[in-house]
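The values are calculated or read from the model by the stated rules, or taken from the named source; none is laboratory data. Small disclaimer: the values here were computed from a predicted structure and weren't measured. In this analysis, Cβ positions are derived from the backbone assuming ideal geometry, glycine residues included, and neighbour counts consider all displayed protein chains. The accessibility values were calculated without ligands, DNA or RNA, using every heavy atom of the protein model including side chains. Shrake-Rupley method; radii C 1.70, N 1.55, O 1.52, S 1.80 Å.
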Amino acid sequence: MSEIRNIVLVGFMGAGKSVIGKSLANNLSRPFFDTDQMVEDTAGAKIEAIFETLGEDAFREIETRTIKDLTDIRGAVIATGGGALKNPENVKALKQDSLVVYLYARPEILFERIKLESGRPIADRMTTLEDMEIILADREPLYRKIADIVVDTSDKSINAVEHEIFESVGY
Ligand code: S3P
């Protein structure tokens, strides 16, 4: 693997993309980009507020612009929002010259994690595990298709997940 390829983390809400991404970037001394954070910086508002005042379509537009802006970046770690792959344009941009890691977790675990945190408008629409599984079923094939490697984060510490990523890519 080329040293300068980006490491792109994809997966459902609650998969640990931001936490693992930050830690990976830190340990590899690479720059870190979190597309959700970048969208918030661009809009000057929290994701929840963007959804509330401008709507999901506006959020997706800013998300796509953000991902496009990252296409010239190399050697970084990039954490993406859980819905980013719904737009094929984003898939193409993220796949370009990067190692894509799908952070998987069992549905019950994802549900538990996302219910513990607030600030996710899509998660707020999910009352039951079954609600979540409907959206997950739609997205899972997108995560798997783009992924170079899949890491199960279900019962693992951040360190263990990182170790598995390093092992897979031969660091
Ligand atoms: C979303 C996931 C969120 C964020 C937004 C929409 C989604 O990111 O982009 O709330 O559609 O699944 P995380 O996966 O980082 O929570």
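So the values come out like this:
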| item | result |
| --- | --- |
| Test: residue in segment 86-93 that is within 10 Å of the ligand (Cβ to nearest atom), in contact (Cβ under 8 Å) with a residue 12 or more places away in the chain, part of a helix (DSSP H, G or I) and open to solvent by less than 80 Å² (accessible area, probe 1.4 Å) | no |
| Residue check, I78 under 18 Å from I122 (Cα atoms), outside any loop (DSSP other than H, G, I, E, B), touching a Leu at 6+ places or on another chain (Cβ under 9 Å) and open to solvent by less than 20 Å² (accessible area, probe 1.4 Å) | no |
| Residue count, segment 1-50 (criterion: near the ligand (Cβ under 9 Å from one of its atoms) and open to solvent by 30 Å² or more (accessible area, probe 1.4 Å)) | 3 |
| Residue ID - farthest from P107 (Cα to Cα), chosen from residues in segment 49-88 that are of a type in the set (S, T, Y) and at pLDDT 95 or above | T53 |
| Qualifying positions in segment 52-74 - open to solvent by 30 Å² or more (accessible area, probe 1.4 Å) and in a helix (DSSP H, G or I) | E52, T53, E56, D57, R60, E61, R65, K68, D69 |
| Only one of I73, I20, I7, I78 that is of a type outside the set (D, E, K, R), touching a strand residue (DSSP E or B) at 6+ places or on another chain (Cβ under 8 Å) and farther than 21 Å from R139 by Cβ | I73 |
| Close pairs from segment 137-160: first within 15 Å of G82 (Cα to Cα), partner away from the ligand (no atom under 16 Å from the Cβ) and not β-branched (V, I, T), Cβ under 6 Å, at least 6 apart | I146/K95 |
| Among the candidates E108, E117, residue that is modelled with pLDDT under 95, over 13 Å from the mean Cα position of the chain (by Cα), open to solvent by 80 Å² or more (accessible area, probe 1.4 Å) and under 25 Å from K156 (Cβ atoms) | E117 |
